[in-house]
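These notes are about the structure you will find just below.
The values are calculated or read from the model by the stated rules, or taken from the named source; none is laboratory data. None of these values were measured; they are calculated from a predicted model. Heads up, the Cβs are rebuilt from the backbone with ideal geometry, glycines too, and the neighbour counts pull from every protein chain shown. Ligands, DNA and RNA are stripped out before the accessible areas are found, and what is left, the full protein with its side chains, is counted by its heavy atoms. Shrake-Rupley method; radii C 1.70, N 1.55, O 1.52, S 1.80 Å.
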Amino acid sequence: MALALLGTTLLLGACGSITVNPPPATQPTAISGMLVPFAAGSADTIQQQLTGLSAPIASNGNFDLGLPSTAIMNGTYGNLLNDANSTFGLCTTNNVTAPSGFKSIAFTTLDSMKGMTFVAENLSPLPSGNAVSYKAWWFATVAGTVTVNNTGCIGFGSINQSLVFKQGWNVMDVTVNGANTTIALAANQTPGRLTWKNKNDVQSLASQALNPYLFNPWAALRQ
């Protein structure tokens, strides 16, 4: 009995010295980036166009744009959220199924306030030289699966898949290959500081002229 009590005391003493780290965050709280190329003084602010959310740009091109909470997105920016049928922008058909009350908005491009637009280009292998792949920070009002079977979505072309959203912010990988788009939940939901490139360096100007909504299909909803 004495040995058992001693063992218990030692165990409790050991436990008292253990530091338990909290689990890693499952949702991003900010978009952290580094503008490339960047020259000090060429721009001092980065901004998300639709919401007006902005952040300063450091002299090395780094920035941290905070992502609003679910409550603020539903309240302050609620009028900017897209309904389920507009989840993927302006499409010729509305074959979208989603949970009740589902609305969303995606941040895919940021402006430097000096006339340049940047995207977070994915460096994963692409199916062809004409394809582009970039990150999207996608807010959803409720959790659930959104299924789409659409053709003729401006900017995205054809989309046929299901996406599982968490309530709040989701980081998605978007790949546009000609007239077809694939979107997937990114393996890393808190990717840290990513490289953001001038969109003119990510896709040729000729290709962008043919598809002006390549990096922000939702802009067509507000034309």
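The number of residues in the stretch 147-172 being touching a residue at least 60 places away in the same chain (Cβ under 8 Å) and either outside any strand (DSSP E or B) or on the phi < 0 side of the Ramachandran plot (or both) comes to 15.
Would a scan of the stretch 200-216 turn up a residue that is assigned to a strand (DSSP E or B), hydrophobic (A, V, I, L, M, F, W, C), farther than 21 Å from P28 by Cα and in contact with a strand residue (DSSP E or B) (Cβ under 6 Å, 6 or more places away or on another chain)? No; the residues of the stretch 200-216 include none that is assigned to a strand (DSSP E or B), hydrophobic (A, V, I, L, M, F, W, C), farther than 21 Å from P28 by Cα and in contact with a strand residue (DSSP E or B) (Cβ under 6 Å, 6 or more places away or on another chain).
Rundown of residues vs (1) free of Cβ contacts under 8 Å to residues at least 12 places away in the same chain; (2) crowded, with 16+ Cβ neighbours inside 10 Å; (3) at positive phi, yes/no style:
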{"residue": "I72", "(1), (2), (3)": "yes, no, no"}
{"residue": "N79", "(1), (2), (3)": "yes, no, no"}
{"residue": "C91", "(1), (2), (3)": "no, yes, no"}
{"residue": "N130", "(1), (2), (3)": "no, no, no"}
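Of all residues in the stretch 142-156, those being buried (at least 20 other Cβ atoms within 10 Å of the Cβ) and of a type outside the set (A, V, I, L, M, F, W, C) number 2.
May I ask you to verify whether T182 is among the hydroxyl-bearing types (S, T, Y), open to solvent by 50 Å² or more (accessible area, probe 1.4 Å) and either part of a loop (DSSP other than H, G, I, E, B) or without any contact (Cβ under 8 Å) to a residue 24 or more places away in the chain (or both)? For T182, the condition - among the hydroxyl-bearing types (S, T, Y), open to solvent by 50 Å² or more (accessible area, probe 1.4 Å) and either part of a loop (DSSP other than H, G, I, E, B) or without any contact (Cβ under 8 Å) to a residue 24 or more places away in the chain (or both) - is met. L126 falls short of the stated requirement of being aliphatic (A, V, I, L, M), modelled with pLDDT of 85 or more and either surrounded by 15 or more Cβ atoms within 10 Å (Cβ to Cβ) or more than 16 Å from the chain's Cα centre (by Cα) (or both). Report yes if V132 is modelled with pLDDT under 95 and of a type outside the set (S, T, Y), otherwise no. In short, yes.
Here's a check for you: in the stretch 97-114, which residue that is open to solvent by 20 Å² or more (accessible area, probe 1.4 Å) and not in a loop (DSSP other than H, G, I, E, B) is modelled with the highest pLDDT? Please lay out each step first, then the result.
At the first step, the residues of the stretch 97-114 found to be open to solvent by 20 Å² or more (accessible area, probe 1.4 Å) are 97-101, 103, 111, 113-114.
From the residues that got through so far, the ones that are not in a loop (DSSP other than H, G, I, E, B) too are 97, 103, 111.
Details: T97: 94, K103: 98, D111: 95.
Only one residue fits best here, namely K103.
Within the stretch 22-68, take every residue that is assigned to a loop (DSSP other than H, G, I, E, B) and β-branched (V, I, T) and give me the one that is surrounded by the fewest Cβ atoms within 10 Å (Cβ to Cβ). Outline the logic, then answer.
So the first thing to find is which residues in the stretch 22-68 are assigned to a loop (DSSP other than H, G, I, E, B), and the list is 22-29, 37-44, 48-53, 57-61, 67-68.
If we keep only those that are β-branched (V, I, T) as well, we get 26, 29, 51, 57.
Working: T26: 11, T29: 14, T51: 14, I57: 23.
Selected residue: T26.
Taking every residue in the stretch 100-118 that is under 23 Å from T141 (Cβ atoms) and pairing it with any residue that is among the acidic types (D, E), at least 6 positions away or on another chain, the pairs with Cβ-Cβ distances below 7 Å are K103/D83.
The residues on offer are K135, K199, K166, and the sole one that is under 22 Å from T70 (Cα atoms), surrounded by 21 or more Cβ atoms within 10 Å (Cβ to Cβ), out of contact with any helix residue (DSSP H, G or I) (no Cβ under 6 Å at 6 or more places or on another chain) and of a type in the set (K, R) is K135.
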